[in-house]
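Student: I have a structure I would like to understand better, so I am pasting it below and will then ask my questions one at a time.
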Amino acid sequence: MNRIYRRELAVLFALLFAVLVGCGRGESPQTLPSPQKEADVQEEAGTAGQDVAEGAVQGAEEQKTENSDEEQAETGGNSWTVQGSGSISAGDTLSGAAVLTAEQQEPVLAFMDAYYQSMAYLQLQDLSGLFTEDEEHARFRAQVDGTSWTAVTDNSTQEEMHRAVFEMILGIRQASGLDLRFLSYDYELEVQNIEEQADGCVQIEAVEYADMRFSHTPDTNSQVTGVWHSFVIKETDGQWRLTHHAAYDSAYFSFIRWKNSATGRSTGGTSAGEFAAMAEERIQNAREQIESREAAADGRTGAAAADHAYDREAAAAYAREWAGERNPQWGVYDGAGGNCMNYVSQCLYASGIPMDQSGDAQWYWYSDSSRAPAWTGVDSFRDYVMNNSGYGLCAQTDVPWNSGDIGDVILMSTAGNYHHAVIITQVVQDESSGTVDYLICSNTGNYRDFPVSAYVYAEQELVRIAGWNG
């Protein structure tokens, strides 16, 4: 798996999670595959069986434990084949004295396999037995590397919480009406730190990199990179099992309690017995949002006229290049609310749209101390788009979700609070040339050519970019 985004920048957001260089697709709309093409792609994947190699992660050398499988699930009476693999490797910063044995890797790989197989088949896999009780660490705090956020997890609710998170993701993807199952996946956990606790428990901090092919876009390799994970494992009756897990990923934000050491801010998380209700609430909201989009699909508005055309291909090329790492010419805001809007602004600027310091609505960045809120803040950018007239960016909100094109921007919100921005790199169409999905790139979380319909944020607003005036 290609990996460019290294540890010092790789651990951040998600609100879930982004992506590596080298996809090189998106110049024209992608059409949903016919059943025959889908079958051909599955056949091309081949058969791999299942192989878990023995080994350990030790020092800076990459001794990888491969965990590959190709399985079939009966879904709707049809056999579905997925080619999947997973591994654990040592990061560059891992101490030479640190050792993670093959036995210690097993519960971590089992957890990751349960997640990826659930997503691959869009069916929840059995999570029972993954976690064990731990009275010594009834509550565990894990600092997210590179940020001021700490994840606080309760041992007693681990299985319940993860089941709800998985079910929420599955429910939202199923609500899309698209076939968001995987044809293949390959994930790697790069271990950054191993720390043995006084009672013998072991905390593992790792960064996740993953490639996957979705059924509805079989010709595109979607990528996610830089997702921070903390695992705590404990040996019980001669077997290592999980006691805690946290991920700095958007799917977990409402379910885990988070504390910020810089601001003193703390999120409430979700209490025992409420996880399933929280998941169902998010799924129902997704259904309503998708229905609302479909109802507005025919209400197309005319495109805004701009003095200078928008170079969509240039914006998309920049988006792909920097989806999995950070351009050192610009500031980085992963640890200060997220780098997503800063990244999207860079993409627009790379297309030739100039910065705007005129009037009351402004959009510019020269340094951390000399920048407009609209450059790095999602809410502020939306305000700029809606209020700017005359010189600068020319764009539209209040347009149908399915009227987007390469280079357009999608803003995501929760209960009307806009907090995430992504840029379209490919349009996915059905056989009648209707737009049904977009592949996007983003920062925090870091995604490349990832289906926007697979996001856990279903409240999405299209910003259609026309170009610039002046």
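The values are calculated or read from the model by the stated rules, or taken from the named source; none is laboratory data. Because the structure is predicted, anything quoted here is derived from the model rather than measured. Cβ atoms come from the backbone with ideal geometry, glycine included; neighbour counts cover every protein chain shown.
Student: Only one of Ala314, Ala277, Ala305, Ala262 is touching a Ser or Thr at 6+ places or on another chain (Cβ under 9 Å), at pLDDT 90 or above and surrounded by fewer than 12 Cβ atoms within 10 Å (Cβ to Cβ); which?
Tutor: The unique qualifying residue is Ala277.
Student: Could you check Val422 against (1) surrounded by 19 or more Cβ atoms within 10 Å (Cβ to Cβ); (2) touching a Gly at 6+ places or on another chain (Cβ under 8 Å) and say which number it fails?
Tutor: Answer for Val422: the failing condition is (2).
Student: Are there any strands (runs of 3 or more DSSP E) wholly within segment 366-470 with 2 or more residues that are closer than 24 Å to Thr147 by Cβ and touching an Asp or Glu at 6+ places or on another chain (Cβ under 7 Å), and if so which?
Tutor: 409-414
Student: If a residue has to be among the charged types (D, E, K, R) and surrounded by fewer than 20 Cβ atoms within 10 Å (Cβ to Cβ) to count, how many in segment 372-396 make the cut?
Tutor: 2
Student: Output the residues belonging to segment 216-234 that are over 17 Å from Gln158 (Cα atoms) and not β-branched (Val, Ile, Thr).
Tutor: His216, Pro218, Asp219, Asn221, Ser222, Gln223, Gly226, Trp228
Student: Here is a follow-up. Within segment 116-125, is even one residue in the same structural domain as Gly238 (by TED's automatic domain parsing), surrounded by fewer than 17 Cβ atoms within 10 Å (Cβ to Cβ) and in contact with a strand residue (DSSP E or B) (Cβ under 7 Å, 6 or more places away or on another chain)?
Tutor: yes
Student: Restricting attention to segment 285-326, and to residues there that are among the acidic types (Asp, Glu) and closer than 18 Å to Leu393 by Cα, which single residue is farthest from the chain's Cα centre (by Cα)?
Tutor: Asp307
Student: Further, regarding this structure: Can you pull out every residue in segment 193-224 that is surrounded by 23 or more Cβ atoms within 10 Å (Cβ to Cβ), farther than 27 Å from Gln429 by Cβ and either aromatic (Phe, Trp, Tyr) or touching a helix residue (DSSP H, G or I) at 6+ places or on another chain (Cβ under 7 Å) (or both)?
Tutor: Across segment 193-224, the qualifying residues are Ile204, Val207, Tyr209.
Student: Can you tell me which residue in segment 429-450 is nearest to Asp379 (Cα to Cα), limited to those that are in contact with a Leu (Cβ under 7 Å, 6 or more places away or on another chain) and crowded, with 24+ Cβ neighbours inside 10 Å?
Tutor: So, considering only residues that are in contact with a Leu (Cβ under 7 Å, 6 or more places away or on another chain) and crowded, with 24+ Cβ neighbours inside 10 Å, the one nearest to Asp379 (Cα to Cα) is Thr444.
Student: Suppose we filter segment 126-183 for residues that are assigned to a helix (DSSP H, G or I) and either within 14 Å of Ser230 (Cα to Cα) or not aliphatic (A, V, I, L, M) (or both); how many remain?
Tutor: Residues in segment 126-183 being assigned to a helix (DSSP H, G or I) and either within 14 Å of Ser230 (Cα to Cα) or not aliphatic (A, V, I, L, M) (or both): 13 in total.
Student: Follow-up. Being at pLDDT 95 or above, within 25 Å of Gln289 (Cβ to Cβ) and out of contact with any helix residue (DSSP H, G or I) (no Cβ under 6 Å at 6 or more places or on another chain) is the requirement here; does Asp437 meet it?
Tutor: For Asp437, the condition - at pLDDT 95 or above, within 25 Å of Gln289 (Cβ to Cβ) and out of contact with any helix residue (DSSP H, G or I) (no Cβ under 6 Å at 6 or more places or on another chain) - is not met.
Student: Inspect all residues belonging to segment 236-249 and state whether any of them is out of contact with any strand residue (DSSP E or B) (no Cβ under 8 Å at 6 or more places or on another chain) and in a strand (DSSP E or B).
Tutor: So far as segment 236-249 goes, yes, one or more of its residues are out of contact with any strand residue (DSSP E or B) (no Cβ under 8 Å at 6 or more places or on another chain) and in a strand (DSSP E or B).
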